[in-house]
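Everything below concerns the one structure shown next.
Every read-out reported here was derived from the displayed coordinates using simple, explicitly stated rules and does not represent laboratory data. Computed from a predicted model, the values in this text were never measured in an experiment. Note that we place each Cβ from the backbone using ideal geometry, even for glycine, and neighbour counts take in every protein chain shown.
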Amino acid sequence: MLEAKLKTLPRSPGVYFHKSENGEIIYVGKAAVLKNRVKQYFQSTRDMDVKTRALVAEIYDTDWVETESEIDALFLESEMVKRYMPRYNILLRDDKSQLFVRIDMKNEWPHVEFTRNPADDGAEYYGPYYNGYAVKKALRYLRKVFPYYTKAPNGNDRPDLDVHIGLSPRPGTTSEEYKATLRRLIRYFEGGRKALVREIEKEMHVAAKLHDFETAASLRNKLNDLRELQRRIMFGDKEFLNISKDRALSDLRDLLGLSKLPARIEGYDISHMSGTNVVASMVVFTNGVSDRANYRKFKARIEQNDDYFNMYETLQRRMSEKNIKAWGMPDLILIDGGKGQLDAALRAMEERQVAVPMISIAKREEEMIIHHTRSNIDTQKLRELMKEPAPGVSVMASGDYFVVNLHAGQLNTSSHSRNLRGGSTFTTYSDVMKLFQRVRDESHRFAVSYHTVLKRQKQTASSLEDIPGIGPATRKKLIRTFGSLRGVQSAPLEAVVAAVGAARAEMIRKYLPAK
């Protein structure tokens, strides 16, 4: 069976999935030519190391997803490894093989660099990627479309070769213009290619109408370069990936009795500190893969130290007529929390008269919470599992709720734990649980990151607000110029004078002594 299947392998780039006899995905890899790469596993094992031979011995089936370019395969592989956490990806690759892209947008002139050891330094890290050579090659190509620095620029340097051939910003480019280009680069490898193409096309047409043909031609060239890269398969609504073959999504439809495969799953979480800087995250998974271009964040209009109220407000705003029209409707909603958060979210949906299947994942035990009637879910399968449990599955009734454990017998370590990632047991709904964990972890990460940004902004703003004569415009200019409050304190007096004038600089030094 497998031998016949391998004969149908295409010669296009893509991502392949090796599976064990029970259907568990045990290894994910990328290939420039799927036919050549996948067949290598089934040739002579004499030159393979011990771990690879162990992998080959366990392969029972292989699936693959074609992509339109190698760069698509590169990003898709990274996402799939994070999604499924295959055992052999961990065994065959050590920490040194993981590469991250680092960009510190707080600097006046950020540069793009690569690192294998992310630090808690306030910079943004993207990855991990498992093929350092391919990532660097992809970023070099993207540099033609979105020029960036690879090291901090020196203001006294004459334009170098990179500037002349269009790989670094042109002379005269301001810091804000450069950062706007970097944000577009980030949006590209986070999945926002379609929106970027629309924006650039609009700018090109505006420039042409204004008879600024040089700018229009430059934008046209950017569009041509972007089209060469093709679309990233994981973030489109019309993908080459046949989601009916995705085990997690098909098992999820079966478990929850959904009318169709949940092509769009939205995850929500709340983050705050004792009721201050209250924020909520909305992450979106399209066809089982994170769709960062559609992530949204909410800042609470009424700050309260009440997660139930905050979740209620978030879903009320999400399901407004305006947002439904702009963002569409999800096929499934996942709430990070227990019965209280789920009840608050359901109440908001009912008041908006919107019916969408909704569940929650309780912290610590990572159990699914489902209301018998209000969750808009067909509970017949759950009732069957109560009578005849499947391996690794436990379903209990708790008042008006079902409490479903898809990893029965496996232990956790703390809230937001990764219990399935620490063990090798493959249960009936392991793929579903891994998908839920991925959505929950992303919603938590996105909420915490936004809360941290607001908290830092407030701390910085409050310190500068205490200085007489320093208004909103001056504060904004200081932060834009020096990046942070610490940057203002560390800057030479001459630099502060150049930015805001001697009188204001003297007042700033009086209230914020140099470090």
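List of remarks:
- Within segment 285-317, trypsin sites (Lys or Arg not before Pro) in DSSP loop having at most 10 other beta-carbon neighbours inside 10 Å: ARG301
- Using a cutoff of 8 angstrom between alpha carbon atoms and counting only pairs six or more residues apart, the relative contact order for segment 326-392 works out to 29 percent.
- In this structure, the pairs whose alpha-carbon distance is over 21 Å, taken from LYS19/LYS387; LYS106/LYS179; LYS297/LYS322, are LYS19/LYS387.
- Surrounding net charge for GLY275, when Lys and Arg each add one and Asp and Glu each subtract one, Cβ distance under 9 Å: -2
- In this structure the amide hydrogen of TRP64, modeled in the peptide plane, comes within under 5 Å of the amide hydrogens of PHE17, none closer than 5 places in sequence on its chain.
- In this structure, the amide hydrogen of THR173, modeled 1.01 Å from its nitrogen in the peptide plane, lies closer than 5 angstrom to no residue at least 5 positions away or on a different chain.
- Over 23 Å between alpha carbons, listed pairs LYS136/LYS222; LYS325/LYS476; LYS30/LYS202: LYS325/LYS476; LYS30/LYS202
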